[in-house]
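Engineer: Got a structure for you, written out below as structure tokens; questions coming shortly.
The values are calculated or read from the model by the stated rules, or taken from the named source; none is laboratory data. All values derive from a computational prediction rather than experimental measurement. Note that each Cβ is placed from the backbone with ideal geometry, even for glycine, and that neighbours are counted across all protein chains shown. Ligands, DNA and RNA are excluded from the accessible area calculation, which covers all protein heavy atoms including side chains. Shrake-Rupley method; radii C 1.70, N 1.55, O 1.52, S 1.80 Å.
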Amino acid sequence: MTAPSHPDPIPSAPQPAIRIGHGYDLHRLEPTADAAPPGPARPFILGTVLIPHDRGPVAHSDGDALLHAVTDALLGAIAHPDIGQLFPDTDPRNNAQDSRVFLAEALARVHALGYRPTNLDTTVICERPKLSPHKDTIRQALADLLQMPLDCVNMKGKTHEQVDAVGENRAIEAHAVVLLEKT
Ligand code: MG
């Protein structure tokens, strides 16, 4: 194969002033307390907040679906490999890994390219537990992790109206959309 005879038509295209990223994650939920021998389900953790619940995410890492969605939104915005590529479940270092490690790596990549997150909106869908008592704590945790003001970070909670796996309390879903701006 020969080299192209002309240069890339946009070799020095300026980086866009803003970029947007979307992330999605789902984890199966299984009982935690009565698992004997210890089942695969982790304690129910969402946005770094441990929430008392009789079911938890089945995951290689700590199973924080919200942090995974936010991590993928950050990585997606800069067109980098996704969380599963950077932190494969075949790597024993990721076993029960704190998902803040994944988010920190994504944020470092965003910063290295000269961007910072300026707005984050998320939605978590699960039938139980009720998320409303924990929303403010989760929002604050996300704002702290991303070094963003609280009023630019949102977390919405929804149920799945008792239909399909999420509505039957067998799974949790999270969506995230993040806006990055050049620093
Ligand atoms: Mg995940």
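Engineer: By per-residue mean of other Cβ atoms within 10 Å, what is the highest-first order of 98-104, 109-115? Intermediate results must be reported in sequence, preceding the final value.
Structural biologist: Details: 98-104: 18.7, 109-115: 16.0.
Listed from highest to lowest mean packing, they are 98-104, 109-115.
Engineer: Can you list the lysines whose alpha carbon is less than 25 Å from that of LYS156, not counting same-chain residues fewer than 8 positions off?
Structural biologist: Within reach: LYS130, LYS135.
Engineer: Within 10 Å, count the other beta carbons around each residue, average over each peptide in 40-51, 79-90, 147-158, and list them highest first.
Structural biologist: Working: 40-51: 19.4, 79-90: 13.7, 147-158: 15.2.
Going by the mean number of other Cβ atoms within 10 Å, highest first, we get 40-51, 147-158, 79-90.
Engineer: Run the accessible area of the chain with a 1.4 Å probe and give the carbon-and-sulfur part as a rounded percent.
Structural biologist: Details: 5410 of 9840 Å².
The computed percentage sits at 55.
Engineer: When the Karplus curve 6.51 cos²θ - 1.76 cosθ + 1.60 is applied with θ = phi - 60°, which whole-Hz ³J(HN,Hα) does each residue of segment 24-32 get, with x for Gly and Pro?
Structural biologist: 9, 8, 9, 10, 6, 10, 9, x, 10
Engineer: Using each residue's phi in segment 127-142, evaluate 6.51 cos²θ - 1.76 cosθ + 1.60 at θ = phi - 60° and report the 3J(HN,Hα) Karplus result to the nearest Hz, with x for Gly and Pro.
Structural biologist: 7, 9, x, 5, 8, 4, x, 10, 4, 5, 5, 5, 4, 5, 4, 5
Engineer: Less than 18 Å from a label point 7 Å out along the Cα-to-Cβ axis of THR137: which backbone N atoms in segment 155-176 qualify, by residue?
Structural biologist: Label zone hits: 155-158.
Engineer: Which aspartates and glutamates, if any, have their Cα less than 14 Å from the Cα of LYS158, not counting same-chain residues under 8 positions apart?
Structural biologist: ASP121, GLU127, GLU168, GLU173
Engineer: Counting just the Cα atoms, what span does the chain cover along each of its three principal axes? Round to the nearest Å and put the largest first.
Structural biologist: Over the chain, Cα extents along the principal axes are 66, 42, 30 Å.
Engineer: Counting only heavy atoms of protein chains, what accessible area per residue, in Å², does segment 33-183 have with a probe of 1.4 Å?
Structural biologist: Numbers: 7170 Å² over 151 residues.
Dividing the accessible area of segment 33-183 by its residue count gives 48 Å².
Engineer: What do you get for the angle between helix 100-112 and the principal long axis of the chain? Use alpha-carbon atoms, 0 to 90 degrees, nearest ten.
Structural biologist: Taking the Cα atoms of the chain, the angle to 100-112 is about 20 degrees.
Engineer: Same structure, new question: Helix 65-77 against the longest principal axis of the chain: what's the angle in degrees, Cα atoms only, rounded to the nearest 10?
Structural biologist: Taking Cα atoms only, the helix is inclined about 10 degrees.
Engineer: For the chain, what is the calculated [θ] at 222 nm in deg cm²/dmol (nearest 500), taking -39500 (n - 2.57) for each run of four or more DSSP H residues and dividing by its residue count? Can you show the working numbers first?
Structural biologist: Values: 5 runs with 46 residues, N = 183.
Per the formula, -7000 deg cm²/dmol.
Engineer: Compute the FRET efficiency between THR183 and GLN162 as 1/(1 + (r/R0)^6), taking r as their Cβ-Cβ distance and R0 = 45 Å, and round to the nearest 0.05.
Structural biologist: Once rounded, the FRET efficiency stands at 0.50.
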